[in-house]
1. Please tell me if ILE58 is part of a helix (DSSP H, G or I) and surrounded by 12 or more Cβ atoms within 10 Å (Cβ to Cβ).
2. In this structure, is ILE43 hydrophobic (A, V, I, L, M, F, W, C), under 19 Å from the mean Cα position of the chain (by Cα), in a loop (DSSP other than H, G, I, E, B) and surrounded by 10 or more Cβ atoms within 10 Å (Cβ to Cβ)?
3. Within the set of pairs 6 or more residues apart or between chains, which connect a residue that is assigned to a strand (DSSP E or B) inside region 11-34 to a residue that is loosely packed, with under 15 Cβ neighbours inside 10 Å and aromatic (Phe, Trp, Tyr) with Cβ atoms less than 8 Å apart?
Amino acid sequence: MQYTIVLDPDDCGGFTARCVEIPGTVCSGANKSEALARLKDAIEQVQQAQYEELHRTIQSVTSEIIKIDVADTA
């Protein structure tokens with residue numbers, strides 16, 4: 001999966017990387033590579049959390065199909 005990343009230089013000579021598709025996912029590093037590596041880890045953590053949430057939701061939705069006997073009134 002591909003994400004759009006915005007890299008900005010920071011005031012300390014490093015870089016800040018943020019993911020456009022996942023608001024709030026922002027990481028910084030001493031250089032571009034470090035900032036991107038940290039952001040990749042953050043995105044993977046978000047993906048894992050979303051996967052776990054999806055499976056919790058799926059497991060909480062349960063349907064049961066049963067048959068019952070009803071007396072014939074005729």
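Read-outs throughout are calculated quantities, based only on the coordinates presented, and are distinct from any laboratory measurement. Predicted, not measured: the structure shown is a model, and the values here were computed from it. Cβ placement follows ideal geometry from the backbone for every residue including glycine, while neighbour counts extend to all protein chains displayed.
1. Details: part of a helix (DSSP H, G or I): yes; surrounded by 12 or more Cβ atoms within 10 Å (Cβ to Cβ): no.
So ILE58 does not fit the description; no.
2. Working: hydrophobic (A, V, I, L, M, F, W, C): yes; under 19 Å from the mean Cα position of the chain (by Cα): yes; in a loop (DSSP other than H, G, I, E, B): no; surrounded by 10 or more Cβ atoms within 10 Å (Cβ to Cβ): yes.
Judged against the criteria, ILE43 is not a match.
3. CYS19/TYR3
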